[in-house]
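The structure under discussion appears below in the form of structure tokens.
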Protein chains: 2
Amino acid sequence: MFEQRLAQTADLVEARLADILSGRSPALAGAPERLLAAMRHGALGGGKRLRPFLLIESAALFGADERDVLDLACALEAIHCYSLVHDDLPAMDDDDMRRGRPTVHRAYDEATAILAGDALLTLAFALVGQPSAIPAEARIALCVLLAQDAGAAGMAGGQALDLAAETRTLHEGEIARMQAMKTGALIAFACEAGAIAGAAKAADRARLRRFGETIGLAFQLADDLLDETADAAQLGKAAGKDRERGKKTLPSLHGIAWTRDRLAGLVGQAEMELAPFGERAETLLDAARFIAARDR
Amino acid sequence: MFEQRLAQTADLVEARLADILSGRSPALAGAPERLLAAMRHGALGGGKRLRPFLLIESAALFGADERDVLDLACALEAIHCYSLVHDDLPAMDDDDMRRGRPTVHRAYDEATAILAGDALLTLAFALVGQPSAIPAEARIALCVLLAQDAGAAGMAGGQALDLAAETRTLHEGEIARMQAMKTGALIAFACEAGAIAGAAKAADRARLRRFGETIGLAFQLADDLLDETADAAQLGKAAGKDRERGKKTLPSLHGIAWTRDRLAGLVGQAEMELAPFGERAETLLDAARFIAARDR
């Protein structure tokens, strides 16, 4: 039931992203076809679209219709996809496969992958800003928040810290900071952005932010656990890369049993955060449980 | 007199960018120091700051105070600097020097240069969106316009077309399209954004856009002319690279005399566009003449 709902939203996001990246949208009219094709390669054809789902369900908690926040959700996914395209580059993680297909720099070339990432990142702000059912004041707040959570103090900064971990072993506090920025910031944005788009009160907005931060932690823990236990066929990308590179993760420091306990604790914390919303928050809590238990 | 004014604005932009990139600004609080240092390397210490100047002077034409549009001007410069950092990468133009100093990937490393560029690009939208004297509706319009002019249908798309020119000789129309996107879009944005920030009427906004497009053409022609005639000491970067690579430019197709005639024609067109503003437009027209005549 939950996975069905997740898949339905993924289809919706896929279709809208495909429409936007066809080049017919105002922000992309006149863009070179090969660059557009590379952007589509990086953004379409896969992914659980978990961040858009969290955004749409967080907005729904405050009565916002999914059609009114779909482009905002696509903006967030464009940011996520740009980060994958750049992270896969030879100078970064040097990955050849992503979602079971060649990475963008493999399917095209390195320069095109850099530009496709840049263009997906830039596109996100056109999508956040464009006229929509969300009032201008909220759209501008979303623009600033997205820039903070995606930029040097958020996702991009987390990736920089992760690179530093290749040459120096991070201690546990540094690993936590890196992961809160690299993965947590954008997941927290998803939930807070839904609250903003739904015109939530400040206290509820803060509550959704904390919920997002909690499940962001769970997401990264589950990811690191998979790196320890899964194989490439399950992931659609290379497995065990962190182990191979000697990168420390919390599961590698504390073991698998500790990690599963911690994941259960984070789900409990997420449930507490959303308790005031009662049954209306059930889908978001299903998402939290799904994130903690996912096996690919 | 004009060059003094340009230098004064450059100092103002440099100081404000240095303050923003110190990491004390809200958008960058908590960012990793090495990433911030790479961003500073890519954005501080040089450049004529021509785009911020055009933006500030365009806004002044409609009565806007430079202090009220300074962060918007810095946002535009952050976009310009990100594009230089990424264009210099080994996979792109592979340049070792920029403004007489090592490029970011030379001074740091390739991964850090990619991330520093990403983070400068992202920062720009935090700066455009943040609370300021510019009304929210105008800020959101600026956000969308900047995303269009910097993205796949603007600057990033132009760079993609320029890369294609390495493997295939472009015909004259294709060269013009590439340059209008790669260089023209951001210069046109500077002038149109000033008009938006100054709450100009739609017709005046369109006039400033056309003025920006005209001087954008002049800027690129003057640049290509310099590539034909100048040496590296004058430019602070490698000269004659286009010649060396066999890349066609309009000066290489039509000769130096044709180019100087065309530049004079563009200055005349720029003067006509701004004629309705009378003497108040004199500084912007000085900028147009400076762009057409510059020797570095």
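The values are calculated or read from the model by the stated rules, or taken from the named source; none is laboratory data. Model, not experiment: these values are computed from the prediction. Please note: Cβ atoms are built from the backbone with ideal geometry, for glycine as well, and neighbour counts cover all protein chains shown. Note: areas computed on protein heavy atoms with side chains; ligands, DNA, RNA excluded. Shrake-Rupley method; radii C 1.70, N 1.55, O 1.52, S 1.80 Å.
For the reader, a short list of remarks on this structure follows.
- Any hit, region B:90-102, residues being among the basic types (Lys, Arg), at pLDDT below 95 and on the phi > 0 side of the Ramachandran plot: yes
- Verdict on A:ALA133 being open to solvent by 10 Å² or more (accessible area, probe 1.4 Å) and either within 9 Å of another protein chain (Cβ to nearest Cβ) or without any contact (Cβ under 8 Å) to a residue 60 or more places away in the chain (or both): no
- Qualifying helices (runs of 4 or more DSSP H) (wholly inside region A:1-114; at least 1 residues being within 13 Å of another protein chain (Cβ to nearest Cβ)): A:33-43, A:66-87, A:104-107
- Residues that are touching a residue at least 40 places away in the same chain (Cβ under 8 Å) and open to solvent by less than 30 Å² (accessible area, probe 1.4 Å) were ranked within region B:249-272; the one that is nearest to B:ARG209 (Cα to Cα) is B:ALA270.
- B:ALA293 crowded, with 17+ Cβ neighbours inside 10 Å and either touching a residue at least 60 places away in the same chain (Cβ under 8 Å) or more than 14 Å from B:THR229 (Cβ to Cβ) (or both): no
- Residues that are open to solvent by 10 Å² or more (accessible area, probe 1.4 Å) and either at the interface with chain A (Cβ under 9 Å from one of its Cβ atoms) or in a helix (DSSP H, G or I) (or both) within region B:142-165 comprise B:VAL144, B:LEU145, B:GLN148, B:ASP149, B:ALA153, B:MET155, B:ALA160, B:LEU161, B:ASP162, B:LEU163, B:ALA164, listed in sequence order.
- Residue in region B:7-24 that is modelled with the lowest pLDDT, counting only those that are more than 14 Å from the chain's Cα centre (by Cα) and open to solvent by less than 20 Å² (accessible area, probe 1.4 Å): B:GLY23
- Condition met for A:ALA119 (under 25 Å from B:TYR82 (Cβ atoms), buried (at least 21 other Cβ atoms within 10 Å of the Cβ), facing chain B (nearest Cβ under 8 Å) and modelled with pLDDT under 95): no
- Selection within region B:187-236 - modelled with pLDDT under 95, open to solvent by less than 30 Å² (accessible area, probe 1.4 Å) and outside any helix (DSSP H, G or I): B:ALA230, B:GLY236
- Selected residue (only one of B:ARG177, B:ARG139 is of a type in the set (Lys, Arg), buried (at least 19 other Cβ atoms within 10 Å of the Cβ), without any contact (Cβ under 8 Å) to a residue 24 or more places away in the chain and in a helix (DSSP H, G or I)): B:ARG139
- Within region A:97-110, restricting attention to residues that are free of Cβ contacts under 8 Å to residues at least 40 places away in the same chain and surrounded by fewer than 22 Cβ atoms within 10 Å (Cβ to Cβ), the residue that is farthest from B:ALA152 (Cα to Cα) is A:PRO102.
- Given (1) surrounded by fewer than 24 Cβ atoms within 10 Å (Cβ to Cβ); (2) in contact (Cβ under 8 Å) with a residue 40 or more places away in the chain; (3) under 17 Å from B:THR122 (Cα atoms), index of the condition B:MET39 fails: (1)
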